[in-house]
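Inspection log for the structure reproduced underneath, given as structure tokens.
Computed from the coordinates by the stated procedures, all read-outs in this text should not be read as laboratory data. Predicted, not measured: the structure shown is a model, and the values here were computed from it. No Cβ is skipped: glycine too gets one built from the backbone with ideal geometry, and neighbour counts run over all protein chains shown.
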Amino acid sequence: MKAKISVLIVAAALLALPAAAQETPQSIVTAYDALADTILSVRDAELGFVAAMLDGHLHAAKTLMSKGDVEGAAAQMALFANEGDNNIGGVRKRLLEGGHHFNADGEEQGIYEPGYVIVTREAKQALLEASKELRLAAGDVERLAAWDKFATMAKALLGGAAKTLGAG
Amino acid sequence: MSPGHPGVHLGLLAAAVGLALGPAAFTAGDAAAAELRFVDIAAPAGVTAPTWCGRPEKPHIMESNGTGLAVLDYDGDGDLDLYLVNGWRLEGNRVAERGVNRLYRNEGDGTFADVTARAGVGDDGWGSGVGVGDVDGDGAPDLMVTNFGADVLYRNRGDGTFEPLADGPGIDGWSAGAILFDADGDGDQDVYLTAYIDCTMEEVLEAQPELDWEGLKVMLGPFGLAGLGNGYFENLGGGRFRDATVEAGLADVGRYYSFGVAAVDLDADLDLDLYVANDSNPNYVYDNQGDGTFKEVGLWSGAALDAMGNAQAGMGLAAGDLDSDGLPDLLVTNFHKDVSTIYRNLGDFIFEDVTRQMALSEATYMPLSWGTTLSDLDLDGDLDVFVANGHIYPQADLAPQAGTSFRQRNLLLANEGGVFRDLSAAAGPGLEVLEASHGLAVGDLDGDGDLDLAVSNVDAPATLLRNDSPPAGAWLMVSAPAAMRVGVVAGQRRWVRHRIVGGSFLSESDPRFHFGLGHVQAIDRLTVVLAGGARSRHHGAPIGRQLVFQRH
């Protein structure tokens, strides 16, 4: 509906032009330019949103680890790896059904799973492995190793996202 | 065929001692090399009605799922009968035939009689699946039939006839799997239903193949189509149910495309957990909290994704203790050009993908797989695999480059020391059958102690695979409706078989606990464990027969 209204507004503006006009009116150009800003910023907004969500899982995992809740920490690590829980998976599925692929080229090359924004396939596998290793760890040394493996990779992924956002 | 097994009836006495289980190791059966042989007896046995699923060219995904089936003793005469769910046959954009579900009574002489009309279970909705249970606690198995449309719960009157329950549980739309189990521990059986795509009959009738596949146009989906939410219905007694999906923690939050479902105690805490196979999305693993609620733990359990962290196209599933650690492992079937996946249960809801270690990848990569089982088919003491296969695209027959076909051979894999060997090509004429097979139900149809297989086929009659394998060992059947698991110890060997509700693909197998025992001469100890934790321990149980445990 919104799209139809926009088309009508533009059409009305063009129809109102004097017959001799050979250029698009500046007001239309300006409006479209502003819209372009909005369209392009949506991509950054999505990246920022997913980064914030993952940062939340990282923070939660760290807090739970410090409290000795290994199960809880491992769960948060797995949710980081999966870019959210099944509720988020449902949203991602809806976006895909609507034709939205954040990393379309990366998906084509097999780097990203469909709809994933930050976590690559390779990283996901390693992060899930770290989560499992944490749950299966026999002692503190193994637990710390699993945590370090996860935290290093998680921070690198978030750092990459922050860099992209900063560059934008 | 002979009447049911001679039964030994034993009381169920509480005892404090259970099975002591040692460290896990994949165990070898007793046979050096398994020999398996199956023969299709459907036609001579009189099981001849076809089960329909849309048009031959399958322009809509609704026409690709096929239908389930169940083996059950509906009339309490000791042998297993057969219930086949039926879909509709379409021609062009009209309904040509509303297929009627069929109940075949086992006559005990190798034949089955169609008693559908007499029993009153001939629902003619577009059927998907069936679950078997006892919702009214009268000891007679009831039937939950899922449809594309209104679902039907048939209450068994106990006299060989059924009545549909008014206002029974159901999902309005394309519901798929159905299981009946005591989810909330209140002693009666509740209902859980899976659902696949949200679509209308008009969309099905008007569908055209739109998706490009191997240079051909095929049906669209499931990507691009909206999923339909699964449902959980609490049994309130008196034939009344209420939708308790959300408050039980079973909301299908991802609106994933769900098919197969099983209830099995995955963490050995004596309540039934849930595993849901989702097509093209992570599978759900629900931990029963023991208070009528569930917690979804799939994404961090290791059982929702494969070893690479990928969601697969879950269709059907099986559960069974492959490594003799007392915990049920899982087998999930998937799409063409992807492997079926075995998840080894490490306890506490930690699973690891051991598909490659168990050599399951090669045999399962090319077929499109549906119903499956982990059962000891050669009685050598370990669990073998059977998989029902068939593609969803009839156009596969026109695309030789795809390396597949619409009708496919089923798979039979023998467990040889924790590694599966594909014996399909040498397992007799029953494994030469070429159909688009989807549903699978398992049970000892001829009462000879080994397990037979009933397979439903798309747009064709079912296949009844009589197990004619030379027995590689002894057997034991335990009927214990109240048990969560049954353990057997013989010398240094031990087995645990679990209560498994549902599983396979939209189908229900015989709920009794079946043991292949290999070269065991005698059982030292048999332990029956109930949901509440009570145990009944027996020394010197007989082999080669059925033991019946009843509550006193």
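Listed values for region A:80-87 are Karplus-derived 3J(HN,Hα) couplings in whole Hz (6.51 cos²θ - 1.76 cosθ + 1.60, θ = phi - 60°), namely 4, 4, 8, 6, x, 8, 5, 4, and x replaces Gly and Pro. Between the helical axis of A:26-66 and the longest alpha-carbon principal axis of chain A there is an angle of about 10 degrees. Take the Cβ atoms of B:Leu434 and B:Asp212, set R0 to 25 Å, and the FRET efficiency comes out at 0.40.
What is the distance in Å between the Cα centroid of region B:414-470 and that of region B:319-347? Between the Cα centres of region B:414-470 and region B:319-347 lies a distance of 19 Å. Over chain A, DSSP H runs of length four or greater, each weighted -39,500 (n - 2.57), average out per residue to a 222 nm ellipticity of -26000 deg cm²/dmol. If R0 is 41 Å, the Cβ-Cβ spacing of A:Ser41 and B:Asp198 corresponds to a FRET efficiency of close to 0.80. In chain B, Cα pairs under 8 Å separated by at least six residues give a relative contact order of 19 percent.
When the charge dipole of region B:29-148 is built from unit charges on Cβ atoms (+1 for Lys and Arg, -1 for Asp and Glu) and taken about the Cα centre, the candidate among B:Gly99, B:Gly133, B:Val115 whose Cα reaches farthest toward its positive end is B:Gly99. In a simple Cβ point-charge model (Lys, Arg +1; Asp, Glu -1; nothing else charged), chain A has a dipole of about 280 debye relative to its Cα centre.
Along its three principal directions, the equivalent ellipsoid of region B:412-552 from the Cα gyration tensor extends over semi-axes of 29, 19, 13 Å, largest first.
Here's how it looks for B:Val548: its modeled amide H is under 5 Å from those of B:Val8, B:His9, B:Leu10, B:Ser479, which are all 5 or more places away or on a different chain.
Approximating the spin labels as points 7 Å out from Cα along Cα→Cβ, the B:His539-to-B:Ala166 distance works out to 5.7 nm.
Calculated on C-alpha atoms, the gyration radius of the protein assembly as shown divided by its Kirkwood radius gives an Rg/Rh of 1.01. Under 5 Å from the amide H of B:Thr373 lie the amide H atoms of B:Phe386, each residue being 5 or more positions distant or on a separate chain, with H modelled from the backbone and absent for Pro and chain starts. In region B:139-266, the inverse of the mean reciprocal separation of distinct Cα atoms equals 16.2 Å; this is its Kirkwood hydrodynamic radius.
Report the longest stretch of chain B that contains none of the trypsin sites (Lys or Arg not before Pro) sitting in a DSSP loop with at most 13 other Cβ atoms within 10 Å.
B:1-336
The magnitude of the dipole of region B:471-552, with charges of +1 and -1 set on the Cβ of Lys/Arg and Asp/Glu and taken from the Cα centre, is near 260 debye. Adding -39500 (n - 2.57) for every DSSP H run of four residues or longer, then dividing by how many residues chain B holds, sets the calculated 222 nm ellipticity at -500 deg cm²/dmol. Under 14 Å from the Cβ of B:Ala113, count the other residues' Cβ atoms, weight Lys and Arg +1, Asp and Glu -1, and hand me the total. Spelling it out: positives minus negatives among the neighbours equals -4.
Enter the per residue convex hull volume of region A:46-167, computed from alpha-carbon coordinates, in Å³ rounded to the nearest integer. List each step's numbers first, then the result.
Details: hull volume 11.7 nm³, N = 122.
Given the Cα convex hull of region A:46-167, per-residue volume reads 96 Å³.
Give me the base-10 log of I(q)/I(0) for region A:82-131 at each q in 0.14, 0.27, 0.28 Å⁻¹, Debye formula, one uniform scatterer per Cα, rounded to two decimals. Cα-only, vacuum Debye calculation for region A:82-131: -0.34, -1.05, -1.09. Out of every Cα-Cα pair in chain B, what percent are more than 48 Å apart? In whole percent, the long-distance tail amounts to 3. Between B:Ala426 and B:Tyr365, full extension at 0.36 nm per residue minus the direct alpha carbon distance yields a gain of 20.0 nm. Check each of the chymotrypsin sites (Phe, Trp or Tyr not before Pro) in region B:389-491 and keep only those in coil by DSSP with at most 11 other C-beta atoms within 10 angstrom; list them in order. The qualifying sites: there are none.
For region B:184-228, the list of GluC sites (Glu not before Pro) that fall in a loop by DSSP and count at most 14 other C-beta atoms within 10 angstrom reads B:Glu210. Rounded to the nearest 20 debye, the dipole size of chain B about its Cα centre is 640 debye, using +1 on the Cβ of Lys and Arg and -1 on the Cβ of Asp and Glu. Take every DSSP beta bridge whose two residues both sit in the protein assembly as shown, then give the antiparallel share in percent to the nearest 5. If I count the DSSP bridges inside the protein assembly as shown, around 90 percent turn out antiparallel.
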